[in-house]
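Visitor: Please read through the structure below; I'll follow up with questions.
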Amino acid sequence: MTLVFSTINMKGGVGKTTLTVNLATCLVRDHQKRVLIVDLDSQISATLSVLSPQDFGKLRRGRRTLSYLIDKVIRPYIVRKFSTPDMILKSVCDLPGLDLLPGDIELYDEYIVAETLYKRTAEAADSQKFAEVWVQFEKKLMQSILEPIRDQYDYVLMDCAPGYNLLTRSAIVASDFYLLPARPEPLSLVGIQLLQQRIAKLKAQYDPTLTANLLGIVFILSGGLFSGRYYSQVMQRIKQDFEPNYLFDTTIPMDVNVAKAVDGFTPAVLSTPNSSGSRAFGKLTGEFLEKLLSVT
């Protein structure tokens, strides 16, 4: 059975993309899983972590990105040439089993979404309210995009943008679990708290059994003041808010090789497999699979 995950945090710069691409790569390389990375962030960091800008440019000119599929859901009345399988890049980084659904710097036009849904409200025979139409669209968006290819993978990992936009909410509804990367910093803690509050509201809005549950919080360490002075304080506050099973024991250490890997458009676990950060991601992946065994 395919399991779908969202990697999310309200705050940016906490390591969402780093976690997504390196975890996905370790699952394929070390555990022979079939994994799809889905880039839901208009910064396209996940896409450029496994693909060069030149190759991405070619895809975008050919409209072979996630943006095409989103527009297909928004405006289904337009005849389309491509579907989800046509957008998948196979064996990225020359690693069979690691596939990518590329993101785009312009994923969707908010005005077109609002205009389309307003028209649906006006045309609805049962006089649905705009809010009801929006909820139905939000629920359907990512589910319908993933449905044609979902059974081809063991895991689908969706890298979400910072904040809480339409795609992130739709991803949460379409996911079985979500991963929460964080820095041991006070503002990162605030991001966790805000996200948990909003997901609680989302669960109340939808069927809770069809909305993602937290698999765990992964701490990715950062340098400077927070790496030592505040680390224990932040961790203590986290432990007060979450049960131990929601905290990954493995933390990702500071490692310049992880940051530099982006310049080579290759995950760190492939470009520098013996670095401290890469070894930590390997250990984290084993813990990830153990957690899944305990909850599925």
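Readers should treat all values here as calculations from the given coordinates under stated rules, not as data from a laboratory. From a predicted model like this one, the values you see are computed outputs, not experimental measurements. Backbone-built Cβ (ideal geometry, glycine too); neighbour counts: all protein chains shown.
Visitor: About the Cα centre of the chain, how large is the charge dipole given +1 on each Lys and Arg Cβ and -1 on each Asp and Glu Cβ? Please answer in debye to the nearest 20. It would help to have the intermediate numbers written out before the result.
Guide: Working: 33 positive and 31 negative charges, 41 e Å.
With only Lys, Arg, Asp and Glu charged at Cβ, the dipole is about 200 debye.
Visitor: About the Cα centre of region 229-296, what is the dipole size in debye to 20, counting +1 per Lys and Arg Cβ and -1 per Asp and Glu Cβ, all else neutral?
Guide: The dipole magnitude comes to about 180 debye.
Visitor: With unit charges on the beta carbons (Lys and Arg positive, Asp and Glu negative) and the dipole taken about the Cα centre of region 3-295, which residue among ILE78, GLY282, THR272 sits farthest to the positive side?
Guide: Value: ILE78.
Visitor: Between region 31-49 and region 250-276, how far is it from one alpha carbon centroid to the other, in angstrom?
Guide: Answer, in whole Å: 16.
Visitor: Between GLN152 and GLN32, 0.36 nm times their residue separation minus their Cα-Cα distance comes to what?
Guide: Computed gain between GLN152 and GLN32 is 41.8 nm.
Visitor: Fully extended, how many nm does the chain gain between SER91 and GLU287 (0.36 nm per residue separation, minus their Cα-Cα distance)?
Guide: Taking SER91 through GLU287 to full extension adds about 68.1 nm, to one decimal.
Visitor: Hey, got a sec? Which chymotrypsin sites (Phe, Trp or Tyr not before Pro) in region 26-122 land in a DSSP loop and have at most 16 other Cβ atoms within 10 Å?
Guide: Details: sites: PHE56, TYR68, TYR77, PHE82, TYR108, TYR111, TYR118; in loops: TYR77, PHE82, TYR108.
Passing both the DSSP loop test and the Cβ count: TYR77, PHE82.
Visitor: Also: On C-alpha positions alone, give me the angle between the axis of helix 110-123 and the longest principal axis of the chain, in degrees, nearest 10.
Guide: 40
Visitor: Just need the relative contact order of the chain here, percent rounded to a whole number, with Cα pairs under 8 Å and 6+ apart.
Guide: 27
Visitor: Here's a follow-up. Cα-Cα over 29 Å: which of LYS72/LYS129; LYS81/LYS139; LYS119/LYS201; LYS11/LYS129? Each step should come with its number before you reach the end.
Guide: Numbers: LYS72/LYS129 23 Å; LYS81/LYS139 24 Å; LYS119/LYS201 27 Å; LYS11/LYS129 32 Å.
Check vs 29 Å cut-off fails for LYS11/LYS129.
Visitor: Counting residues in region 1-43 as N, plug N into 2.2 N^0.38 Å and put the Cα Rg over that result.
Guide: 1.24
Visitor: A follow-up question, please. Please give me, ordered by residue number, the trypsin sites (Lys or Arg not before Pro) of region 1-36 that lie in loop per DSSP and have at most 16 other Cβ atoms within 10 Å. Display every interim value, and only then the final one.
Guide: Details: sites: LYS11, LYS16, ARG29, LYS33, ARG34; in loops: LYS11, LYS33, ARG34.
Sparse-neighbourhood loop trypsin sites (Lys or Arg not before Pro): ARG34.
Visitor: Let me check I have the definition right: for the chain, take the eigenvalues of the Cα gyration tensor, multiply each by 5, take square roots. What are those semi-axes in whole Å, largest first?
Guide: Values: eigenvalues 193, 113, 57 Å².
In descending order, the three semi-axes are 31, 24, 17 Å.
Visitor: Continuing with this model, one more query. Using +1 at the Cβ of each Lys and Arg and -1 at the Cβ of each Asp and Glu in the chain, identify which of LEU292, SER52, VAL133 lies farthest towards the dipole's positive end.
Guide: SER52
Visitor: If the only charges are +1 at each Lys and Arg Cβ and -1 at each Asp and Glu Cβ, what is the size of the charge dipole of region 74-162 around the Cα centre, to the nearest 20 debye?
Guide: 340
Visitor: Okay, moving on. Tell me the label-point distance for the pair VAL135, ARG63, using the 7 Å Cα-to-Cβ offset, in nm and rounded to one decimal.
Guide: 3.4
Visitor: For SER83 and ASP249, what does the FRET efficiency come to when R0 = 45 Å and r is the distance between their Cβ atoms, rounded to the nearest 0.05?
Guide: Computed FRET efficiency for SER83 and ASP249 comes out at 0.65.
Visitor: Could I have the simple spin-label model distance between GLU110 and GLN236, label points 7 Å from Cα toward Cβ, reported in nm to one decimal?
Guide: Label at GLU110, label at GLN236, 4.0 nm between them.
Visitor: Could you sort 36-46, 192-202, 259-269 so that the peptide with the highest average Cβ count within 10 Å comes first and the rest follow in order?
Guide: 36-46, 259-269, 192-202
Visitor: Additional query: What do you get for trypsin sites (Lys or Arg not before Pro) in region 48-131 restricted to DSSP loop and a cutoff of at most 11 other Cβ within 10 Å of the site's Cβ?
Guide: Of the trypsin sites (Lys or Arg not before Pro), the ones in loops of region 48-131 whose Cβ has at most 11 other Cβ atoms within 10 Å are LYS81, LYS90, LYS129.
Visitor: Assuming R0 = 51 Å, can you tell me the calculated FRET efficiency for the pair THR296 and ALA122, based on Cβ-Cβ distance, to the nearest 0.05?
Guide: Values: r = 43 Å, r/R0 = 0.84.
According to the calculation, E is roughly 0.75.
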